[in-house]
């Protein structure tokens, strides 16, 4: 399982609900969101582990994002 935090993706452009858009602006998540490539790099890292290593869960988020 991969649990991503705030990352810049195309999803933000598809949100039409103005209340959700406003909440995103007021929480500051848009300002701390990291490039989506960081998630991709983390997945590549997980897949490149030696045989016998299992990564069952990955939580990846900007350090400025509260848990």
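Laid out as a table, the results:
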| quantity | calculated |
| --- | --- |
| Members of the range 32-51 found to be out of contact with any helix residue (DSSP H, G or I) (no Cβ under 9 Å at 6 or more places or on another chain) and under 10 Å from residue 6 (Cα atoms), listed by number | 32, 34, 35, 36 |
| Pick from the range 23-34, criterion at pLDDT 85 or above and farther than 21 Å from residue 55 by Cβ, ranking: surrounded by the most Cβ atoms within 10 Å (Cβ to Cβ) | 33 |
| Residues located in the range 1-36, provided they are within 18 Å of residue 64 (Cβ to Cβ) and assigned to a helix (DSSP H, G or I) | 12, 23, 24, 25, 26, 27, 29, 30, 31, 32 |
| Residue match in the range 41-59 (condition: part of a strand (DSSP E or B) and touching a strand residue (DSSP E or B) at 6+ places or on another chain (Cβ under 6 Å)) | yes |
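The values are calculated or read from the model by the stated rules, or taken from the named source; none is laboratory data. Keep in mind it's a predicted model, so treat the numbers as computed, not measured. Heads up, the Cβs are rebuilt from the backbone with ideal geometry, glycines too, and the neighbour counts pull from every protein chain shown.
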